[in-house]
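Structure first, then comments.
Nothing in this text is a laboratory measurement; each read-out follows from the coordinates by a stated rule. Note that this is a predicted model, so its numbers are computed, not measured. As a convention, Cβ positions derive from the backbone with ideal geometry for all residues, glycine included, and neighbour counts pool all protein chains shown.
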Amino acid sequence: MKKRFWLITSIVVILALALAACQTAAATEAAAMEEAPAMEEAAPAEEAAPAEEAAMADAIDCTGVTAGDTITMLYQWSGAEEERLNEILQPFVDACGVVVAPESTRDQALLDTKVQAGTPPDVAFWNVAQLVQYKDTLKTMDELGAHGDNYAAFFKDPGTVDGKWLGLPIKADIKTIIWYSPAVFAAKGYTVPTTWDELDALVEQMVANGDVPWSMGMESGDATGWTGSDFIQDIMLVQQGPQYVLDLIAGTVSYDDAGVKQAYETYGKWAMDPVYTVDGAQGTLSTNFNDAIFKVFADPPEAMMVKQSGFAGGNVATQYPDLVYGTDYDFFPVPGAQGLQGGADWLMAFSDSPAVKALVAYLSSTEGGANWAKASFDLSPNKGANGNYVDPALIKKGDALANTKGFTPDIGDTIPGGFGSAEFKGISDYVNGGDLDTILSGLAVVQAEGLAQ
């Protein structure tokens, strides 16, 4: 659907130029189970001074673009997310005079239909799996003029298919974080750990004090188990590192490997015992993942910590509007993790028109990264975002992203052939008392079959 916002903006730009006589998150990480309210209300970005706006316009390369050129877009964002995308794109629209014709949908079948009919959008913001699906149709980021130096190799690699860089990582969120109450920690004399050994010692200290360390409920209907999957992957990032996770996704390491078993056993110690988590195994299996978040911030709290993705902050703010971020609720990165787990949205281009090239160049530029950060549209993998976040939570997450040595997608979301659902069930069966070796052997078979497709 064309947005009136873009039409009016484009008409104004075209008229101005004529008078002068010249010239886009969000499952498995995509699944509805993780579709939660946005993070805390973002702090509004300061308006740029006229001189700053002029300098920004001069920095945007509009080579070959004619005022009135149209870029069709397809993405999954709507509401506040779409507004933030508009804010990011506005300097580009102002500088180049393009008309942006966006369409918002969460139905990937619409994108498939358009591609199969030979009428794809010029640009789509979608998932990494579509880069493989449409690899023969997409334009490479290199030929579009993307600024590759602004991205770490571990962000470019997932968007590279058969040696061709097809996807620009445009938006990211991280999962490798633990939520807690600074006020409660202070009252009880607990200190935020900075190593895995310190976290383990903190957990035992909490138990000794009569507190329940974790709230690990993972009930989510047919997707029950996904929070367990995230937790186990983060443990792998501590014990084995990001390359190990990537090797599991690629199939060069079998899912019944000793490193996987070690992570499951570490997770199981906490997830099954009522000393370590609310109501033990039964609570882990039957407590809804969202309710598990709230237990940490209830009065009095039922647990001290919950490991959950970035969206948890928004849920807490909605459930407990009187709580203050940074005082009553906050997070810290999983201590000892050698990389981060997270999700990303990808820009893929079906057109190499001058307008699309200008868009890709802008979004991948230092200025594009900075504008993404200032708009508080989650995190940007673009190095230009560093130091430009204005939302307190995003500043903290942005620092973690900027300093990480690796970034891994969700294992269950990435291995095809129904592996994710099988993994969720396997984790649930393990927490329910199933034999771990048997469970992992079965999942290794599903992993191999899925990757053989």
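Rounded to the nearest Hz, the phi-derived 3J(HN,Hα) couplings of segment 317-323 under the Karplus curve 6.51 cos²θ - 1.76 cosθ + 1.60 (θ = phi - 60°) are 4, 6, 6, 10, x, 7, 6, where x marks glycine and proline. Taking the Cα atoms of segment 383-453, the ratio Rg/Rh between the radius of gyration and the Kirkwood radius comes to 1.22.
A prolate overall shape is assigned to segment 81-194, the ratio a/c of its alpha-carbon gyration tensor axes (a ≥ b ≥ c) being 1.5 or greater and a/b exceeding b/c. Averaged over residues, the count of other Cβ atoms within 10 Å places the peptides 356-367, 130-141 in the sequence 356-367, 130-141, highest first.
Counting only DSSP beta bridges with both residues in the chain, the antiparallel share comes to about 55 percent. Only Cα sites of segment 179-329 enter the Debye sum here, all with the same form factor; the resulting log10 I(q)/I(0) across q = 0.16 1/Å is -0.91, listed in q order. Sequentially through segment 355-367, phi angles give Karplus couplings (6.51, -1.76, 1.60; θ = phi - 60°) of 5, 5, 4, 5, 5, 5, 4, 5, 5, 8, 7, 4, 5 Hz, Gly and Pro residues having no value and appearing as x.
Taking other residues whose beta carbon is less than 11 angstrom from the beta carbon of residue 283, and scoring Lys, Arg as +1 and Asp, Glu as -1, yields -4.
Its Cα gyration tensor gives the chain an equivalent ellipsoid; the semi-axes, largest first and in whole Å, are 41, 26, 18.
Helix-only arithmetic for the chain: the sum of -39500 (n - 2.57) across DSSP H runs with n ≥ 4, divided by the residue total, places the mean residue ellipticity at 222 nm at -13500 deg cm²/dmol. For segment 296-453, the Kirkwood radius over C-alpha pairs fed into Stokes-Einstein at 10 °C and 1.306 mPa s yields D = 83 µm² per second.
Charges were assigned to the Cβ only: +1 to each Lys and Arg, -1 to each Asp and Glu. The resulting dipole of segment 174-249 about its Cα centre is roughly 200 debye. With 30 Å as the limit, the listed pairs 135/425; 295/374; 114/307; 188/307; 171/357; 188/261 have 135/425; 295/374; 114/307; 188/261 beyond it between alpha carbons. Overall, the chain carries a charge dipole of about 760 debye about its Cα centre when +1 sits on the Cβ of Lys and Arg and -1 on the Cβ of Asp and Glu, all other atoms neutral. Annotation: amide H of residue 177 within the under-5 Å range of 308, 334, sequence separation 5 or more or interchain, hydrogens built in the peptide plane.
Placing unit charges on the Cβ atoms of the charged side chains and taking the dipole of the chain about its Cα centre, the candidate lying farthest along the positive direction among 351, 293, 394 is 351. Remark on residue 305: its backbone amide H falls under 5 Å from those of 214, 215, a criterion applied only to residues 5 or more positions apart or on other chains, H modelled at 1.01 Å from N. Basic side chains Lys and Arg get +1 at the Cβ, acidic Asp and Glu get -1 at the Cβ, and with that the dipole of segment 365-416 about its Cα centre reaches some 200 debye. Using C-alpha pairs under 8 Å with a sequence gap of at least 6, the mean separation divided by the residue count of segment 257-317 gives a relative contact order of 19 percent. Volume per residue of the convex hull around the Cα atoms, evaluated for segment 146-192, comes out as 114 Å³. Over every Cα atom in segment 82-145, the radius of gyration and the widest Cα-Cα span, Dmax, amount to 13.4, 34 Å. Amide hydrogen proximity for residue 99: with H placed 1.01 Å from N in the peptide plane, the residues at 5 or more positions away or on another chain lying under 5 Å are 68, 69, 70, 71.
Calculated translational diffusion coefficient of segment 336-416 (37 °C, 0.692 mPa s; Stokes-Einstein with Kirkwood radius over alpha-carbon pairs) equals 234 µm²/s.
The Cα atoms of segment 195-267 give a gyration tensor whose axes a ≥ b ≥ c have a/c of 1.5 or more with a/b no greater than b/c, which makes the shape oblate.
What is the log10 of I(q)/I(0) for segment 240-306, computed with the Debye formula using one identical point scatterer on each Cα and no solvent, at q = 0.22 Å⁻¹? Log-scaled intensity ratios, in q order: -0.88.
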